Amino acid sequence: MRVGVAEARKRFAELLDRAMRGETVEIARREEVVAVIGPPQAVSAEPLPTALERWRREWDVQAWPDDDPFAGTRDRSEGRPSPW
């Protein structure tokens, strides 16, 4: 379902009820979708350490270089004196 911004303002409670029932509603301004109201995404029950390990495998973190990408951009000169 797609509604315009003005209609969404008038029918907001109804649109939220639809989202609670599992529907997705697109809100458009001048034919361009600018927002979507829908049911919340399912929350993963995967424990954090398991999810982190899966992420490391999927992104092949072991192959990433160990160098510091910001090493050449830091200002190593002495800063202003602290007032404390």
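Readers should treat all values here as calculations from the given coordinates under stated rules, not as data from a laboratory. Bear in mind the structure is a predicted one, so any value in this text is a computation, not a measurement. So basically every Cβ, Gly included, is an ideal-geometry build from the backbone, and we count neighbours across all protein chains shown.
What is the P(r) of the chain, as percent of Cα-Cα pairs per 5 Å bin from 0?
Using 5 Å bins, I get a P(r) of 3, 11, 12, 9, 7, 6, 8, 11, 11, 10, 8, 5, 0 for the chain.
Pull out the extension gain between ALA35 and GLU7, defined as 0.36 nm times the separation in residues minus the alpha carbon to alpha carbon distance; nm, one decimal.
Details: separation 28, 0.36 × 28 = 10.08 nm, distance 1.32 nm.
Extending this stretch completely gives an extra 8.8 nm.
Any idea what angle helix 48-58 forms with the longest principal axis of the chain, computed on alpha-carbon atoms, 0 to 90 degrees, nearest 10?
That works out to roughly 80 degrees.
Can you list residues from other chains, or at least 5 along the same chain, whose modelled amide H is less than 5 Å from the amide H of ALA28?
VAL3, GLY4, VAL5, VAL34
Given DSSP loops and a limit of at most 14 other Cβ atoms within 10 Å, what is the longest stretch of the chain that contains no such trypsin sites (Lys or Arg not before Pro)? Don't skip to the answer; put the middle values down first.
Numbers: sites that count: ARG11, ARG21, ARG30, ARG74, ARG76.
For trypsin sites (Lys or Arg not before Pro) (loop position, at most 14 other Cβ atoms within 10 Å), the longest site-free span of the chain is 31-73.
How large is ³J(HN,Hα) for each residue in the range 27-38, as worked out from phi by the Karplus curve 6.51 cos²θ - 1.76 cosθ + 1.60 (θ = phi - 60°), to whole Hz, x for Gly and Pro?
Once rounded to whole Hz, the list reads 10, 10, 10, 6, 6, 10, 5, 10, 7, 9, 10, x.
To the nearest 500 deg cm²/dmol, what mean residue ellipticity at 222 nm is calculated for the chain from DSSP H runs of n ≥ 4 alone, each contributing -39,500 (n - 2.57), summed and divided by the residues?
Numbers: 3 runs with 26 residues, N = 84.
Per the formula, -8500 deg cm²/dmol.
Whats the longest run of the chain with zero GluC sites (Glu not before Pro) that are DSSP loop and have at most 14 other Cβ atoms within 10 Å? Write out the running numbers ahead of the final one.
Details: sites that count: GLU23, GLU31, GLU78.
Result for the longest clean stretch: 32-77.
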